[in-house]
Amino acid sequence: MTNRTENILPLNERNAWKALAVHYEQVRRLHLRTLFADDPQRGERMTAEAVGLYLDYSKNLITDETLKLLLQLAKECGLRQRIDAMFCGEKINITENRAVLHVALRAPREASVIVDGVNVVPLVHAVLDKMADFSDRVRSGEWKGHTGKRIRNVVNIGIGGSDLGPVMAYEALKYYSERAMTFRFVSNIDSTDFTEAVHDLDPTETLFIVSSKTFTTLETMTNAHTAREWLLAAFGGDTQSIAKHFVAVSTNAAEVAKFGIDTAQMFEFWDWVGGRYSMTSAIGLSTMLAIGQVNFRIMLRGFHQMDEHFRTAPFESNLPVLMGLLTVWYTDFFGTQAVAVLPYEQYLKRFPAYLQQLTMESNGKQTTLNGSRVSYNTSPIYWGEPGTNGQHSFYQLLHQGTSLIPCDFIAFIETLNPLGRHHDILLSNVFAQSEALAFGKTIEQVKAEGTPDWLIPHRIFEGNRPSNTILAQRLTPEVLGKLVALYEHSVFTQGAIWRINPFDQWGVELGKVLAQRIIPELESKVEPALGHDSSTNQLIRRYRNSKGI
Ligand code: F6P
């Protein structure tokens, strides 16, 4: 599984892949109108339900044969073995020689997952218990700031996986959060982010969580130092105050100590947790402070249920496997380049942003596990907005544009905030949009409406635009866990088929290194380095000239 030199049949030479290429030529001519007309049960048949999530995948451009071939492809690509390898703690992140065990973060106390001869589950629960104890003390007011006041504000400083999960989860679970406390998230190096986050906060009531797996990330460390200065300014430079107002979440105790945070106030996680898979680790401390330890543990239970479903369910009824395979089908055979994620739930407004990192930092790769270049497309672009706002923005393109964009609609039977007819109207829009995308409006229908001839082409909807609909009863911490894990494992499925490593991110390195080189060039009179091109040099000079350097 982790052998770098293994001689594996390239994906597009596999039997199932070749059969899918032939099959695609037949399917691309079919229309969802015909597929539904020919099979009145399609909308009931092409569905799957597990752990409280209902997936309707009937409005996809597939037949039973497509599914059979995709499942065959999963088998030929060794998906089952790869799933087992991940859950067993094999070092499947081969370019960093690491296990990939976010699933261990939500394993029950009595479970056992061995990494390098050590059962990591007790370590996970020890940190969870430490987080719970701290969170209880802060929420109850027992934990006091330096002047003896209770903590009312929590500011998480982190970026990427150390920010997007916490922000998304805070927004998603706001309904369950402690409203007497304020939660803010600082990620960007742009000074506006920090300034705005703290502008109305009282330092004596503010706790900073510095969240960084490496504790070396430029943005996070710069913001953390700025936070330190902001705090010290309020306490007349008294460094004793740090202990009451700063905690750290990291894998790097040495750097945490160097920053000046007592490692007793550090919440640990491990190198086998990838940044974008870390919201169930101590990186979730702000989430726990917001919703309390009980709700946090309920969220973990939801993750675990989906993990177990992914690990054990037959592929034909396995939600993440089905979603992952459908993404491969569109990306590689239809040549689609995007997936729109459309949650019809205001609390999930940051869910698409969260998924951007999860999906694209994971599978935005062009090198296979054995080092060759892929000869097929990998991750699509994931993007989206909550419904119905998106409808009044970019849905025009989804319905009548020249790109085919598969959509994931996400909706809940019950709203957390019932108000008159709002929820019925919201849900009618979800169902209407997937119906309109799939079936469109024919020339005959447009004509029958009495449309003048010249306007008819503008008013035709071709339809045949695919979508999934994911329905759950109600947005709870448990359901959020299931939803996130659903996408995590869909990403895993895609990566396994594409035979890439979803768990490294070398593509973010170059820009970081170049920025480090350019920083001193923006701050001094020294001529920009010879190594830059004329465009970069000119941009640097222009900035410096405007600053008067
Ligand atoms: O953007 C690259 C990245 O390494 C992400 O993968 C990660 O989530 C983020 O930076 C933050 O890293 P850290 O938690 O180490 O500060």
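A few points about this structure:
- Of the Cα atoms belonging to the range 401-455, the radius of gyration and Dmax stand at 16.0, 47 Å.
- Structural descriptor for the chain: relative contact order 18 percent, calculated from alpha carbon pairs under 8 angstrom and at least 6 residues apart.
- Checked against a 18 Å cut-off, the cross-linked pairs Lys144/Lys244; Lys149/Lys174; Lys59/Lys482; Lys365/Lys482 give Cα-Cα distances beyond that limit for Lys149/Lys174; Lys59/Lys482; Lys365/Lys482.
- Separation of the Ser375 and Ser535 label points, Cα + 7 Å toward Cβ, nm: 3.2 nm
- Added length on full extension, which subtracts the Cα-Cα distance from 0.36 nm per residue, Ala19 to Ser403: 135.7 nm
- With each label modelled as a point 7 angstrom along the Cα→C-beta vector, the His225-Arg45 pair spans 6.4 nm.
- Cα gyration tensor shape of the range 507-547, rounded if a/c is under 1.5, else prolate or oblate by comparing a/b with b/c: prolate
- Placed amide H near Ala338: partners under 5 Å, 5+ positions off or other chain: Ile381
- Residues whose placed amide H lies under 5 Å from that of Ala50, excluding near-sequence neighbours: Leu55
- Label-to-label distance, nm, for residues given as Ser524 and Asn389 (7 Å Cα→Cβ offset): 4.4 nm
- For the chain, the share of DSSP beta bridges that are antiparallel, to the nearest 5, is 30%.
- The range 110-296, relative contact order [Cα under 8 Å, separation at least 6], %: 29 percent
- Cα gyration tensor category, rounded, prolate or oblate, for the range 303-414 with a/c compared to 1.5: oblate
- Dipole orientation for the chain: of the candidates Gln346, Gly371, Met323, Gly371 has the Cα lying most toward the positive pole (charges on Cβ; Lys, Arg +1; Asp, Glu -1).
- Pairwise centroid distance, computed over Cα atoms, of the range 430-482 with the range 150-194, Å: 36 Å
- Using alpha-carbon coordinates, inclination of helix 218-234 to the longest axis of the chain, degrees: 40 degrees
- Between the Cα long axis of helix 64-76 and the first principal axis of the chain there is an angle of about 50°, rounded to the nearest 10.
- Length released on extending from Gln396 to Ser546, taking residue separation times 0.36 nm less the Cα-Cα span: 49.8 nm
- Global geometry of the range 144-203, whether rounded, prolate or oblate, following the gyration tensor of its Cα atoms and the 1.5 cut on a/c: oblate
- Working note: Cα atoms of the range 414-549, range along each principal axis, descending, whole Å: 71, 51, 41.
- The length gained on full extension between Trp454 and Ala436, counted as 0.36 nm times the residue separation minus their Cα-Cα distance, comes to 4.2 nm.
- Reachable aspartates and glutamates from Lys91, criterion Cα separation under 16 angstrom, eight or more residues apart if same chain: Glu6, Asp116, Asp271, Asp504
- Taking amide H as placed 1.01 Å from N in the peptide plane, the amide H of Asp271 sits under 5 Å from none that are at least 5 places away or on another chain.
- Farthest towards the positive end of the charge dipole of the range 507-547, among the residues Leu522, Ser535, Leu510, is the Cα of Leu522, using unit charges on the Cβ of Lys, Arg, Asp and Glu.
- To the nearest ten degrees, helix 477-498 and the longest principal axis of the Cα atoms of the chain are 70 degrees apart.
- Per-pair calculated FRET efficiency, R0 = 56 Å: Glu65 and Asp271 via Cβ, rounded to 0.05: 0.85
- Probing with 1.4 Å while keeping every protein chain in the model, the per residue accessible area of the range 426-549 equals 51 Å².
- Spatial separation of Cα centroids for the range 307-322 and the range 33-86, in angstrom: 11 Å
- Charge tally in the Cβ shell below 14 Å around Thr34, where Lys, Arg are +1 and Asp, Glu are -1, Thr34 excluded: +2
- For the Cα trace of the chain, dividing Rg by the Kirkwood Rh returns an Rg/Rh value of 0.99.
- Summing Lys and Arg as +1 and Asp and Glu as -1 over all other residues whose Cβ lies under 13 Å from the Cβ of Val328 gives a net charge of 0.
- 20 Å cut-off, amide nitrogen to a point 7 angstrom out along Ala253 Cα→Cβ, residues in the range 109-125: 115-125
The values are calculated or read from the model by the stated rules, or taken from the named source; none is laboratory data. For clarity, every value in this text was computed on a predicted model and none was experimentally measured. Virtual Cβ from ideal backbone geometry, glycine too; neighbours counted across all protein chains shown. Side chains included, ligands, DNA and RNA excluded: accessible areas come from the protein's heavy atoms. Shrake-Rupley method; radii C 1.70, N 1.55, O 1.52, S 1.80 Å.
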